[in-house]
1. Relative to the longest principal Cα axis of the chain, at what angle does helix 68-95 sit, 0 to 90 degrees, rounded to 10?
2. Roughly how many debye, to the nearest 20, is the charge dipole of the chain about its Cα centre, given +1 on each Lys and Arg Cβ, -1 on each Asp and Glu Cβ, and no other charges?
3. Return the FRET efficiency for the residue pair Y91, E50: r is the Cβ-Cβ distance, R0 is 45 Å, and the value is rounded to the nearest 0.05.
4. Per 10 Å bin, what percent of the C-alpha pairs of the stretch 132-171 does each bin hold, from zero upward?
5. For a footprinting-style exposure proxy, rank V216, V171 by other Cβ within 10 Å, fewest first.
6. To one decimal place, what Kirkwood hydrodynamic radius in Å is obtained for the stretch 67-107 from all pairs of distinct Cα atoms?
7. Residues in the stretch 224-260 near a label at H151, defined as backbone nitrogen under 18 Å from the 7 Å Cα→Cβ point?
8. For the chain, max minus min Cα coordinate along each principal axis, in Å, sorted largest first?
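We did not get these values from a lab; they are worked out from the coordinates using the rules stated. Source: prediction; values computed, not measured. Cβ sites come from the backbone with ideal geometry, for glycine too, and all protein chains shown count toward neighbours.
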Amino acid sequence: MIWLNPPRPDTPPIENRRQVVVEVVLVFVLTLGMSGLRSLLSLVDSLLQEQALAEQSVALNVSQATNQVLDFLRQLLSATQLFAWGALGLYLLWRAGVRLRDIGLDRTRPGRDIAGGVGLAALIGVPGLGFYLVARAVGANLTVVPTTLDHWWQFLTLPLSAFGNAWAEEVLVVGYLITRLRQLGLRENSSLLVSAVLRGSYHLYQGFGGFLGNVVMGLVFGRVWQRMNRLWPLVLAHFLIDFVAFVGYAILRGHVAWLP
């Protein structure tokens, strides 16, 4: 059974447990953990509004400057920051003796990784859209607007944003975090739950539906990685889901009546 606690793979031992705990805390205070805290405050602020959650909206990709050139450059910097977050996790694992192939980021199985990524995207993306619509209909979620950008260069920055999200989240929340929790002695199920709840936390700004939907995504993605030890399919699947949402919305906006 896929949900039974799988055996814990061998990982390089750690010399100083306290240093690893401090490292993990600092990494997530600087990256997605802080995003989770900000997201929680954003949800509290939404709940304090007179409008119901479903009557409020939140945009994912927004303009960051009034000048188009500066806006474009800031969009690129935002994507670069996401790439750097993921690279930081990989660097710290490498310093600890964990190689790229140990977490499934080598290039030995491109065909199977691509097939796995496409399959995962379909498995999560289609039901995820349905779950979002239900959550919004029952008042548990804000209306999520994938992008408010309206410049020609959005078709460059939106794919970069999609890949940056996928890279940072899957490397840090799955590859880095679960590996470090293994080294600290946590069982696979416990590590999986911590990873999934963290993933849900930085989506709280979307509402309770966004939190729960991403926890489920985290449970599925994390378990697939624990079983297959391949991170590329997760990165690709996440990229495809975000790419379809961001670019698809940008193309269809104004042409499909039911889109916000």
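1. 20
2. Using Cβ point charges on Lys, Arg, Asp and Glu, the chain gives about 860 debye.
3. 0.45
4. All Cα pairs considered, the percentages come to 25, 30, 37, 7.
5. Listed from fewest to most nearby Cβ atoms, that is V216, V171.
6. One over the average 1/r among Cα pairs gives 11.9 Å for the stretch 67-107.
7. Output list for this probe position: 247, 250-251.
8. 54, 38, 35
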